[in-house]
Each structure stands twice: as C-alpha cells, then as structure tokens.
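FYI, it's all coordinate maths here, none of it is from the lab. Since this is a predicted model, take the numbers as computed values, not measurements. A quick note on method: Cβ atoms are made from the backbone with ideal geometry, for glycine too, and the neighbour counts reach across all protein chains shown.
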Amino acid sequence: MADDLKELKIELSKNGIFTTTLEELYNWGRKNSVWPLTFGLACCAIEMIATTMARYDLARFGAEVFRPSPRQADLIIVSGTVTKKMAPQVVRLYNQMPEPKYVIAMGACAISGGPFRDGYNVLRGIDRYIPVDVHIPGCPPRPEALIHAFMTLQKKIDEQALRGESRPRHLHADAPSEFPVPEFGAHGLEPAQNDEVFLNETGNPLRVIQ
Amino acid sequence: MSALPTVEDLKAQIEASLPGAAVTVIPNGSPSAQHSLLLDHEHARAVALFLRDHPDLRLDFCSLVTGVDWLDTETTEKIKVKKMVAGPDGSEIEQEVEETRKMKVPGYLEAIYHLFSMEKKHGPVILRLRTANRTDQTHVPSLTPVWRSCEFQEREAFDLYGIVFDGHPDLRRILMWEGFQDFPMRKDYVPPADDSLAPLPFASLQRASTKEARP
C-alpha cells in the first residue's frame, strides 16, 4: 500500500475511524488461521509436537488444530528426514492439500538431507519436489525456531499482494496446484528433482516459471 | 549356566559328528577375541542344526545376521629368486635378486550370524558364510529354516549387499523398493550422477523471505 494511504489510515484511526482494505482483511484472516497437517517424519516431529503443547503453545498463532487430513490443511511442516522411499508420499500429501497451501521445511534433513546427505536412501531436501516457503536449519530446530518460522510464514502471507505479478499462486489461474510425484527408478528417484521448483531463480518460490 | 566351548573345540565337535563338514576357525586378533567359524555351503544347514539342537550347546537364538563386502585385493610379495647376472669381469654369476610379485586375491561377500542360547544363557557363537565371488556367484545357503529370526535380516543382507540366500522362503528387497537394481552397502557402490550436489538457489530464497522481494 502506498505511504500516503497508510498515513491517511493512521490519521483516521486517531479520529476514531477504523479503515482497512480487503487485501489486509483477507490476509489477516488467512495468516491467523493456518492449520498444519498432522505429519511428522523423524526426530524434528518431536520438537514440532512440543511446539504445539502448553509450554510453547502454537495455538497463540491460530495454528492449534493439526488436521488429520491433507484436504483440511493449509500448511505441511516437513519435519524430519525425507527418505527416497517416503518422498513420493510427501509430494502426494502436498498435492492433496487445497490452495492456498504452504510448506515449512524443518531441520537439516528436510532442507538438504542433513547428516544423511551422502547416503543412498535420503532425499537431499524436499525443495527438490515441492515449493518450500520457509526453511529452518537445526538438528533438530528448537520449538522457538519453529515458532520463528511460523511467524515468518505469517509475515509472508500478510505481505502477499492479491493482485499483480507477485500474487499468491492460488490466484494465478494457470499456476499448478499439483506437482509431479517422483517415481521409483532403477537407481534412484525419477526425476531426481523437479527443476521448475528446485531451480526457480525468479526470486519468488511460489511464482511459476512461464 | 554352562560354559561355551572354545571355537577350536566346537570345530572338533562339529567335524566329529558331521563327517565331511569343512569348518575353518577365523581368529579375531582384537582384544574382544571373538573368533568365528567359517562354514562350507554344503554342510552349513546341518552344522546350524547341530549347534541349535546339541544338548550342551542349544544355540536357539540367532540375534544378528549381517553382511560384509570384501573387495578384490592386490597384494605384493617380495620373493628372492636366483638369477644369472653379468658380473664385473663379464662372466655370468648366480646371484639372488629380489622380485616383487603381484597377487590378486578375489573378493567375496560374507554373511555373518551371531548365535546365543536362551536356555543355557551363553554365546555368542559366530558363523560366517562366504560367496564364491562378488559378481555372479553370490549364493550362500539360507539359515532361515533353522532360525526364523534370520528371515528379515537375510532379506536386508540381500537388499543391501546382494547376497542371495538359497532356501529363503521370501527373498525380496526389504528396505529399498522393488525395481531398485543396485546394492548400496557394497563398497564400490556409486550413487547416481544426477543425485550429485546441485547448487541450491540460496540467493533467491533469501530475496523471497525479505521485504525487498515485494515489488
């Protein structure tokens, strides 16, 4: 929003008049009701569970309901090592989520393969197949780190303009909502990565190369 | 609790009761001194049954099956050879000359079994089975008919090392998927080239996560 409009809004609020825009209202609602998918892969999932419990209390951010079905979830937290055998299922779960959907890659394994990177059985980062919004390093990341990632995601949702080139993917009519599921090959997953997602250099991982 | 006989005694007992069985003691020089018995393929199952059912041994529990990949090795040996060499005055003199000879030792795959007795509370007895080579003759007899607990672990050794266990009731891959062709725990395994380290788009990720990304 332009600066003079912001100033006008502040001026109006000083005089007891509350104004907002549809975009702000829409994003405010979206960012404060992000429902994650109940989905854990490895030890990072324990930290994710801790984050939702009383001490860290992710419910403060409107994310208290972990949905047991991808069809009701907005966010998939890839918490842990993604093995090559598990990768197609992760992509399939992501494909079954309705738009708008977001991905947090939690921990060293989910972002790069981590200590298992050179192994024969571990995928070198889930961002090879699905577009990741927030990467958190750590082995495992502390619950504070996951909360930070969550707040980063909220900020990102809040800043998404609903019009223009950088609008979220679900408002692009021709942007894909599903991504190809890798297949088990003779020597590894085929393809080894989805180049449209993995080597996206446009600056916005959600935007699609056209 | 009865004491377990030494591997040498075990070898003697086995060979006395199973004529023709070739048992070799493989010594372990480390402080643990866990010596093992190398069995021949033909009598492996008979030996296993003997160890399981002998009233003093009763090795009724196979706790572990694993594989080892021994690569082809090349050893050099220095041998003294007598040769005719031209002497300082032109005549030929017999002299000892050192020659190095290269020896190729073919590699093999090895399946290892650790046996314990629940009844007698003793163990372990370690058995080894070796394949003929690493390429086309990678068969060893399965001991699953003797100890049911070998089933999944033999499948794992088959999956990761390519040891084929003859007589196994259900020899399929267990960790990798059907259709996977490599044996990833072999020492000469190379991961596929397209899996190599590709540069991550760090710059774009950084830009996207900051406010400046917004036009």
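Note: relative contact order over chain A, using C-alpha pairs below 8 Å and six or more positions apart, is 19 percent. Volume per residue of the convex hull around the Cα atoms, evaluated for segment B:146-196, comes out as 87 Å³. Scanning chain A for trypsin sites (Lys or Arg not before Pro) that sit in a DSSP loop and have at most 11 other Cβ atoms within 10 Å, the longest stretch containing none of them is A:56-162.
Near B:R172, once Lys and Arg are set to +1 and Asp and Glu to -1 for all other residues with Cβ below 12 Å from its Cβ, the sum equals -4. With only Cα atoms counted, the protein assembly as shown has Rg and Dmax values of 32.1, 122 Å. The tail of the calculated P(r) for chain B, taken as Cα-Cα distances beyond 30 Å, holds 46 percent of the pairs. Taking a threshold of 18 Å on the Cα-Cα distance, which of the pairs A:K101/A:K155; A:K6/A:K31; A:K31/A:K156; B:K78/B:K102; A:K31/A:K101 fall above it? Too far apart for the 18 Å limit: A:K6/A:K31. Two tests apply to each whole DSSP H helix in chain A, Cα reach of 27 Å or more along its axis and mean Kyte-Doolittle hydropathy of at least 0.0, and none passes both. Per residue, chain A reaches -9500 deg cm²/dmol at 222 nm when only DSSP H runs of four or more residues are counted, each adding -39500 (n - 2.57). Taking every residue in A:183-193 and counting other chain Cβ atoms within 10 Å of its Cβ, the average works out to 5.
Counting Lys and Arg as +1 and Asp and Glu as -1 over every other residue whose Cβ lies under 13 Å from the Cβ of B:F152, the net charge comes to -1. Its relative contact order, with pairs defined as Cα atoms under 8 Å and 6+ residues apart, puts chain B at 17 percent.
DSSP beta bridges fully contained in the protein assembly as shown are about 70 percent antiparallel. Taking the Cβ of A:V34 as the centre, find all other residues whose Cβ is under 14 Å away and add up their charges (Lys, Arg: +1; Asp, Glu: -1). Overall, the nearby charge balance is +2.
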